Structure formats: C-alpha cells, structure tokens
Amino acid sequence: MKALALGMLVLISAVSAAAGADDALAPFVADYDVRYGRMGVGTSRTELSRAGTRWVMQSTTNATGIARLIASGTLKQRSEFDLLADGPQPASYVFDDGTDDTDHDVKFTFDWHAGRVRGTAEDRAVDIATVPGLQDPACMQALVLARLRAGQEPGTVAMVEKDKVKYYRYTFLRRETLKTAIGDVETVVYRAARDGSDRETITWYAPKLGFAAVQAQQLTAGKRGFQTYIRRLQPGD
C-alpha cells in the first residue's frame with residue numbers, strides 16, 4: 001500500500017535542481033507536478049540551502065486526488081552535507097514517510113573518520129562501512145549537479161540504500177528541447193540505473209538553468225511509472 005508513496009519520493013530524489021551557474025552549487029527552490037501514467041498523483045518541492053558551514057538538500061512530497069487514499073501523509077527527506085573540493089560529502093540523512101509508523105523510515109549518520117554509516121532503516125539497525133564518494137539518496141543528486149556544472153560526466157555513484165551500498169551508473173542519452181511550464185528549455189538527457197536492474201530513471205537537465213532538472217520519468221522493464229514535471233524554479237536564500 002505504501003509503494004505509491006515511496007515510488008513518488010524515489011523519483012523526486014532524482015530531479016533536484018540548481019539555479020545559477022557560477023558556483024559548484026547554488027541555493028534553489030523547485031516545485032514539481034507528479035504523475036503516474038496520465039493521472040496526476042501529487043506535488044513536490046525540493047530545496048537546496050545553506051545551514052551554517054553545511055548545505056541542506058530536502059524534499060517534501062504530497063499526494064493529491066485519488067492517490068491520497070494510499071499515501072495520505074507528507075513524505076520528507078533531508079540530507080545535510082559538506083561541500084568539499086571533490087564534491088558533496090553527506091553528514092546525515094533522514095527519510096520520513098509521513099505516517100506514525102516507522103517501518104519505512106530511515107535515519108543515517110555518516111562518520112567519515114571511523115569510516116562507518118550508522119543509524120536505522122525500516123526499524124533495523126544499520127552499521128556499514130563507507131566507500132569513497134558514498135552518497136545518500138538526496139546528497140547523490142547534489143553530487144550529480146556539481147559534476148554537471150563543472151563540465152564533468154556524473155559517472156558511477158555509490159549510494160547507501162537501507163543497509164547496502166549500491167552503484168548507479170549515469171549515461172548520457174541525447175540533447176532535447178522540451179516545452180515546460182517555465183518555457184521552452186534545451187536539455188541534456190541522462191539515464192541512471194544499477195547494472196542488472198530493470199528499473200531506470202531518465203532525467204532532463206537544463207544547462208542554461210544551472211543544470212536544473214526540468215523533467216524525469218521512472219521506468220521498470222521499459223514501462224513508464226512515475227513522472228515529474230517542473231512547475232516553478234527560483235533561487236533560494
């Protein structure tokens with residue numbers, strides 16, 4: 001019953017945006033419409049901001065219409081990270097599915113000195129070793145943006161998922177001009193997937209908007225599932 005809600009946030013995690021093009025990253029606020037097939041199922045907001053010496057990437061997703069019968073809460077995820085010379089390095093990550101239950105919630109702390117990720121995932125204790133460049137689901141998108149903005153390919157990114165480290169490969173597909181709610185936008189299109197998995201995410205990034213993600217879709221075995229479409233993008237504080 002929670003698959004719809006979780007799928008919505010998984011896709012939102014893949015469509016972080018950035019405003020401006022001068023720095024490795026820049027604060028922003030982006031709003032998206034979420035669809036499943038032809039049906040509108042929700043809205044989301046993704047924000048990148050500074051918090052003292054650290055950065056924060058957070059997303060909130062709300063179901064609308066008939067989808068509220070399945071996902072009535074507000075899904076939230078938040079990553080705090082340091083922006084190092086070689087890219088973002090996560091410090092903490094929280095995912096809350098918006099219900100009183102905790103069986104789908106996640107909370108991690110990254111101890112880079114000890115080389116461990118500790119916390120809980122779906123009510124189970126987690127204590128796993130870090131690997132170079134390891135990301136959480138939200139910070140991973142900041143890393144991809146930073147690399148694109150620096151003129152680099154995203155490449156393969158290690159991400160902690162529940163109690164395992166998984167590797168996602170980003171592959172350039174094509175250039176494409178999209179009609180969006182914020183106008184016609186020239187984009188570069190990337191595919192993100194794990195080797196051997198039948199699930200993939202296709203994302204349209206807009207170079208002239210600081211590589212903002214203006215559209216994304218999730219496919220499983222070639223069948224389209226969730227999609228997100230940019231509704232508004234503005235600089236943050």
Item to check | Among (1) touching a Leu at 6+ places or on another chain (Cβ under 9 Å); (2) at pLDDT 85 or above - the single one A71 does not satisfy | outcome: (2)
Item to check | Filtered residues of the range 210-229 (kept if β-branched (V, I, T) and touching a helix residue (DSSP H, G or I) at 6+ places or on another chain (Cβ under 9 Å)) | outcome: T228
Checklist outcome for this item: Scanning the range 8-47 residue by residue, those at pLDDT 50 or above, surrounded by fewer than 17 Cβ atoms within 10 Å (Cβ to Cβ), part of a loop (DSSP other than H, G, I, E, B) and not small (G, A, S) turn out to be D23, R38
Checklist entry - Got at least one residue in the range 186-207 being among the small types (G, A, S), part of a strand (DSSP E or B) and without any contact (Cβ under 8 Å) to a residue 12 or more places away in the chain? => result no
Checklist entry - With P207, P132 as the choices, which residue is over 16 Å from the mean Cα position of the chain (by Cα), surrounded by fewer than 21 Cβ atoms within 10 Å (Cβ to Cβ) and under 23 Å from L48 (Cβ atoms)? => result P207
Checklist entry - Which residues, counting only those in the range 100-158, are part of a loop (DSSP other than H, G, I, E, B) and touching a Pro at 6+ places or on another chain (Cβ under 6 Å)? => result D136
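Let's see how each residue does on (1) among the acidic types (D, E); (2) over 16 Å from the mean Cα position of the chain (by Cα); (3) closer than 26 Å to D195 by Cβ:
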position	(1), (2), (3)
D111	yes, yes, no
V117	no, yes, yes
T120	no, yes, no
P137	no, no, yes
M140	no, no, yes
V144	no, no, yes
Q152	no, yes, yes
Item to check | In the range 73-99, the residues that are part of a strand (DSSP E or B) and among the hydrophobic types (A, V, I, L, M, F, W, C) | outcome: L75, F81, L83, L84, A91, V94, F95
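The values are calculated or read from the model by the stated rules, or taken from the named source; none is laboratory data. Computed from a predicted model, the values in this text were never measured in an experiment. All Cβ positions, glycine included, derive from the backbone under ideal geometry; neighbour counts span all protein chains shown.
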